[in-house]
Amino acid sequence: MAKERAFGPHQLAEWLGIEPRHVRRAETRGLIPPPDVGDERWSEGVAKTLPDRVEEILSLVGDEHYVTAQDAEKAGRRKTVQGDSFGPHQLASELELQRWQAGRAEQRGMIPPPDVDGKRWSREVVEGLRERVDEIREALGEHPGVGSVDAAKHLAGRTELEVEREDVRALAGEGHLRPVGDFRGYPMYSLESLDALDGELVAGVVGDRLRWLERSVTAKEAAALLGWPAGRFEVTAERNGLTPGRLGRFDRIAVEGLPERDGVRRAE
């Protein structure tokens, strides 16, 4: 049976697709539990609880929340030296838009790409955008939207159902929700689109998930059900073409139908 992996700070960061500094900040703020292997590393079990929380973690400890005094000083110098061109924050301020509005307007082609060194906008371009500010505000609204975790909380509060992030993903996957933008690659949904969802539709998606949970098992549960070590189950499942479905779970009936089950001594 393979030894469970353990992750140091850099390994955990790479595995989660974030930076080591984000791991340090998240641990300091209690968003990531302390290392549980020798007080220096995180076990695979703990690590596997974190991927679904990356969006939430970055929304709280992302670099935009940790601008240093040195960064601010550098930004001030750039503004002084490059007064005839505008960076992203300066562009938003100049047009009296919120930073997210300017960024999303650029994503949608309502603001052209930077024309100065590929990073900044010339004064000429900025002046030409002033007449489009009202159009941009009207198209984007006044709220940046929420990620799938907060979208689930919003729907739960509205419908009094146990809505989870996976339900939001399912609604989006079925075409009932369309992102209004993204944050570090994660989709963002408008409150208006969430409020427009039919309650029965949401209830149906939640019901589908709950029914699947009832008739499915995790890999660990499947191994226990068969009385096998986890490794034996994983290898046997793979050899018989049994793959995990939604939420990484296995259909219980398919698990019980794996060959050689009855020939193996069950765990007492």
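The values are calculated or read from the model by the stated rules, or taken from the named source; none is laboratory data. Keep in mind that this is a model prediction, so the values were computed, not measured. Glycine also receives a Cβ, built like all others from the backbone with ideal geometry; neighbour counts cover every protein chain displayed.
Yes or no, residue by residue, for (1) surrounded by fewer than 18 Cβ atoms within 10 Å (Cβ to Cβ); (2) in contact with a Gly (Cβ under 6 Å, 6 or more places away or on another chain); (3) modelled with pLDDT under 90; (4) not in a helix (DSSP H, G or I):
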| site | (1), (2), (3), (4) |
| --- | --- |
| Leu97 | no, no, yes, yes |
| Trp100 | yes, no, yes, no |
| Arg104 | no, yes, yes, no |
| Gly128 | yes, no, no, no |
| Val133 | yes, no, no, no |
| Glu142 | yes, no, yes, yes |
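Restricting Gly241, Gly175 to those that are closer than 30 Å to Leu140 by Cα, small (Gly, Ala, Ser) and outside any helix (DSSP H, G or I) reduces the list to Gly175. Scan the stretch 211-220 for residues that are at pLDDT below 95 and either over 25 Å from Asp52 (Cα atoms) or charged (D, E, K, R) (or both) and the total you get is 1.
Taking Thr49 as the residue in question, decide whether it is surrounded by fewer than 17 Cβ atoms within 10 Å (Cβ to Cβ), among the β-branched types (Val, Ile, Thr) and at pLDDT 85 or above. Taking the combined requirement at face value, the residue satisfies it. Within the stretch 226-245, the presence of a residue that is assigned by TED's automatic domain parsing to the domain that holds Val163, surrounded by 18 or more Cβ atoms within 10 Å (Cβ to Cβ) and of a type outside the set (A, V, I, L, M, F, W, C) is excluded. Remark: pairs (first residue in the stretch 13-26, under 12 Å from Leu60 (Cβ atoms); second residue modelled with pLDDT of 85 or more and in a helix (DSSP H, G or I); Cβ separation under 6 Å; 6+ apart in sequence or on different chains) = Ala26/Ile57. The single residue among Arg232, Arg246, Arg266 that is touching a helix residue (DSSP H, G or I) at 6+ places or on another chain (Cβ under 9 Å), at pLDDT below 95 and farther than 23 Å from Lys48 by Cα turns out to be Arg266.
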